[in-house]
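Asks: Okay, handing you the structure first.
Every read-out reported here was derived from the displayed coordinates using simple, explicitly stated rules and does not represent laboratory data. Not measured: the values here are computed from a predicted model. Here Cβ is always computed from backbone atoms with ideal geometry, including for glycine, and neighbour counts include all displayed protein chains.
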Amino acid sequence: MRNRSDVIAEIRADAGPWDILVIGGGATGLGTALDAASRGFRTLLLEQHDFGKGTSSRSTKLVHGGVRYLRQGDVSLVFEALKERGLMLQNAPHLVRNQSFVIPAYDWWEGPFYTVGLKVYDMMAGKLGLGPSRHISREEIVELIPTIEKNGLKGGIIYHDGQFDDARMLISLAQTCEDHEGMVANYIKVTELVKEKGLVSGVLAVDQDTGEEFRIPAKAVVNATGVFADHILRMDDPEAVNMIRPSQGIHLVLSSKFLQGRHAIMVPQTSDGRVMFAVPWYNKVVIGTTDTLVDDTSLEPKPLEEEIDFVLKTAGQYLANDPNREDVLSVFAGLRPLAASGDDEKSTKEISRHHKVMVSVSGLISVIGGKWTTYRKMAEDAVDYAVMVGELPERKCHTHHLPVHGYEGATGLTVNPLSVYGQDRSRIEDIGHKTFSADRYLSKSLGIEKAQVIWAVREEMAITLEDVLARRTRALFLDAKESLRIAPEAVKIMASELGQDHDWLQDQLDSYSRLASRYLIAQS
């Protein structure tokens, strides 16, 4: 990616209107910017914080059709998501991989029901399927997952879905956008919509690093801010009703000793009727999630104690070794941008994950709702509307078969953390060999190399310690204590690259320490 200061300079010098300006640097926003740039439109994306700071880096790390939506009868969403799942694996095999899931059955009636349902799931995936589901015996399950709870286990089903690193996917989308002459910038906050004759004609924005203000004209403006979409809608119309109903989901990260092997567990119905997963990820286990309606949107949502207790209790029902609070390496929360249903009593698990694209009277285009797996389709729909609103030339969408930056064949996401860089991996290894010689690891337990810090600053627009340890690498999400241990060395490397002084270094450490403390849970 371009150096951030160069991007700022270009924004400052560019007086002409952009074809499409995207607000929001999460999955929907970066997907939209990539779609627009790949069609040849002059495209600019602005993100108020860092790419993926919000919802898009806090998922269950799954690329899936949504088995539970099939049970709810939402066939069209499942069809769409299964198609998009296949395209994500096809276009980014270095970032997305085939993950097998085991549904353990502790009651005889469970097996036949889910066997039939998953056969339908396989059929709907068609040529983009990842593998057939099948019924497996108790003995097979124990062989596949030795740490599963064996008491009362009758058998189960194995099926396939996708798994990925969400934040790394975002950075790769940003790089792909730039590969197609689009421009992206983090830490630039849109503060106002500019209008001419009642129609949106651009934005006012502020560089959060320097305080510099920009007036940026655009033919079409897309609000792709996820859970913050209502905030932008009220910039357009102070009387606008809420279109987003935020729902919080948390995840706990445990040692791999709790889920040995490469297979995940899917619990189709917890005690409160939801779905829960235990998924291997970078030699750790991600367990979640919850569904809790919240009223406030935040870049750092806080896990509730009752959510933590619920996930631990449920995990203990399916794992031979019950995890306790002291076993949690990291806990993180994210907010789902559910489309408001108009029915406040409606359970979050019943609210549709379909997306909507709205066009305000002023011409502001807003993407509402949706899910990670369908980001590409959401983006395609948003750009189609932007073409109409901005009176841009009709151009075909190219992202169905567009390789994501770094594209190379499947490399085994859980085996080597550098595999997510795809073809850039060799360049990072070269930096490591030349700069750090034999002492190349920042964290051996997490497989993070010092060269990744340099790469994040030089090539991925990382400007804070949090950017590096939370999203360019996943240290904070994988093991918060370990991330605190490596923070001093990481920030020294950053300070050297950025030409920053000791005061900056200390400020970064202090800020990161406060942040990381939120990912640790109090012991009972």
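Asks: Please work out which option in (1) 22, 51, 24, 4, 0; (2) 21, 54, 22, 2; (3) 23, 57, 19, 0 gives P(r) over Cα pairs in 20 Å bins from 0, in percent calculated from these coordinates, and answer with its label.
Replies: It is the value labelled (3).
Asks: Additional query: For the stretch 417-517, report the translational diffusion coefficient in µm²/s to the nearest whole number, using Stokes-Einstein at 25 °C, 0.890 mPa s, and a Kirkwood Rh over Cα pairs.
Replies: My calculation gives 182 µm²/s for D.
Asks: Please give the length that would be gained between Val116 and Ser5 if that part of the chain were fully extended, namely 0.36 nm times their separation in residues minus their C-alpha to C-alpha distance (nm, one decimal).
Replies: 34.4 nm
Asks: Between Glu326 and Ser426, how many nm apart are label points set 7 Å from Cα along the C-beta direction?
Replies: Spacing of the two 7 Å Cα→Cβ label points: 4.8 nm.
Asks: Among Lys219/Lys371; Lys377/Lys450; Lys197/Lys356; Lys61/Lys257, which pairs are too far apart, with a Cα-Cα distance over 30 Å? Don't skip to the answer; put the middle values down first.
Replies: Working: Lys219/Lys371 27 Å; Lys377/Lys450 36 Å; Lys197/Lys356 26 Å; Lys61/Lys257 19 Å.
Table pairs above 30 Å Cα-Cα are Lys377/Lys450.
Asks: Once the piece of chain linking Leu299 and Lys444 is laid out straight, how much longer is it, given 0.36 nm per residue of separation minus the C-alpha distance between them?
Replies: 49.2 nm
Asks: Restricting attention to the stretch 161-218, which trypsin sites (Lys or Arg not before Pro) occupy a DSSP loop and are surrounded by at most 13 other Cβ atoms within 10 Å?
Replies: Values: sites: Arg168, Lys189, Lys195, Lys197, Arg215; in loops: Lys197.
In loop regions of the stretch 161-218 (DSSP not H, G, I, E or B), the sparsely surrounded trypsin sites (Lys or Arg not before Pro) are Lys197.
Asks: DSSP H helices in the chain with Cα extent of 27 Å or more along the helix axis and mean Kyte-Doolittle hydropathy at least -1.0?
Replies: Answer set is empty.
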